[in-house]
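Written out below as structure tokens is the structure these notes cover.
The values are calculated or read from the model by the stated rules, or taken from the named source; none is laboratory data. Every value quoted in this text rests on a predicted model; they were computed, and no experiment measured them. Cβ atoms come from the backbone with ideal geometry, glycine included; neighbour counts cover every protein chain shown.
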Amino acid sequence: MLVGVPREIKSEEYRVSCVPAGVHALTQAGHRVLVEAGAGLGAGISDQDYEASGAELTDAAGAWGADLVIKVKEPLPTEFGYFRPGLLLYTYLHLAAQPELTRRLLQDKVDAVAYETIQLADGSLPLLTPMSEVAGRMAVQAGAHYLERPQGGRGVLLGGVPGVGQGRVAVLGAGVVGHAALKMALGLGAKLTVIDLSLPRMAYLDDLYGGRITTLLSIPETVAATVARADLVIGAVLIPGALAPRLVTEEMVKDMCEGSVIVDVAIDQGGCVETMHATTHADPVFNLHGVIHYGVANMPGAVSRTSTFALSNVTLGYALELANRGLAAAKDDAALALGVNTAAGEIIHPGVAEAMEAPLTPLDQVI
């Protein structure tokens, strides 16, 4: 199969979807790999590195002209012109929050496999996990930065100092993002409250961290009270493939102290904070009701080298399956089947169908 690796064009996105070792694995399996010139420069990977691994350099049209296109982020409108029937697209998509993109994928009958909905039998999301770990850690770094007074924040040091209390951090969601965030915040010495719907998850974290964190069940009153007291709120909720639930209302934001910070990592799936909208690394924050909002939708892109290699570690195996067998590979791989969001002009994933208020088509009807 012909495999294409385009350069990412999203604002301040420096990751690349396939590293030279991945190119080598694909070519060893008998596939041709076309890499857009300059695609890896943001992650410190040169064109010569790719050529040495067996890739052929090309332009954007050449990379998009492949049978299987591997990306990092969802295609932007300027890339929609490359869509065509039978194109197999493998990338992060977040279609529940991307109605325009979803409509074009359906219109152009693109077979789209989303990293974020490939799900193992135990419920884990192997292709989302490494980027969630990066984003969770970065959320605390970003929050601590914007809490500084020169950035418009309250002037709070999360760890405090002797004689002065620590900053208060509220983490909404105790999955991979939330756990990564709480570890980072604890490392800084902050006072942590973690809110989640799962009592078993709360019990696990309580056993792990003892009295160092407070765990609370997610109900509106608890969320409201916790958010009002927090210096930093981190949105870390996720329903695979679906829109994120809006846990923090505008009224809750109004009750926060002036100069507090919200970092909504769930923004890729629409966000869990009512007042949040997507921002970019070039313009990461806005102030509403006196609260600093950070909604960068590709946070891991800022640490592109770490993120690129962490991502390629988990995407390569499924890339090889798709290159070897096309979308038919999903017939024999239940986890990969859950990654199929659209195929042959039909919506395959229930979360996307619900968000689009459109019919759901079983995968076995299109492959």
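Here are some notes:
- Criterion: surrounded by fewer than 24 Cβ atoms within 10 Å (Cβ to Cβ), in contact (Cβ under 8 Å) with a residue 40 or more places away in the chain and either within 30 Å of residue 332 (Cβ to Cβ) or in contact with a Gly (Cβ under 7 Å, 6 or more places away or on another chain) (or both) - qualifying residue of 158, 95, 101: 158
- Yes/no for residue 360 being surrounded by fewer than 24 Cβ atoms within 10 Å (Cβ to Cβ), touching a residue at least 12 places away in the same chain (Cβ under 8 Å) and either in contact with a strand residue (DSSP E or B) (Cβ under 6 Å, 6 or more places away or on another chain) or part of a loop (DSSP other than H, G, I, E, B) (or both): yes
- Leading residue by the ranking (surrounded by the fewest Cβ atoms within 10 Å (Cβ to Cβ)) among those in the range 217-237 that are out of contact with any Gly (no Cβ under 6 Å at 6 or more places or on another chain) and farther than 23 Å from residue 165 by Cβ: 221
- Top-ranked residue of the range 282-307 - restricted to ones that are part of a loop (DSSP other than H, G, I, E, B) and either under 14 Å from the mean Cα position of the chain (by Cα) or modelled with pLDDT of 95 or more (or both), ranked as nearest to residue 12 (Cα to Cα): 298
- Inspection of the range 135-155 identifies no residue that is in a loop (DSSP other than H, G, I, E, B), among the small types (Gly, Ala, Ser), free of Cβ contacts under 8 Å to residues at least 24 places away in the same chain and over 28 Å from residue 2 (Cβ atoms).
- Verdict on residue 205 being in a helix (DSSP H, G or I), touching a helix residue (DSSP H, G or I) at 6+ places or on another chain (Cβ under 8 Å) and in the same structural domain as residue 247 (by TED's automatic domain parsing): yes
- Positions within the range 295-329 being charged (D, E, K, R) and under 28 Å from residue 343 (Cα atoms), in sequence order: 321, 325
- Scan of the range 336-357 for residues that are in contact (Cβ under 8 Å) with a residue 60 or more places away in the chain and of a type in the set (Val, Ile, Thr), ordered by number: 340, 342, 347, 352
- Flag if residue 148 is under 27 Å from the mean Cα position of the chain (by Cα) and surrounded by fewer than 18 Cβ atoms within 10 Å (Cβ to Cβ): yes
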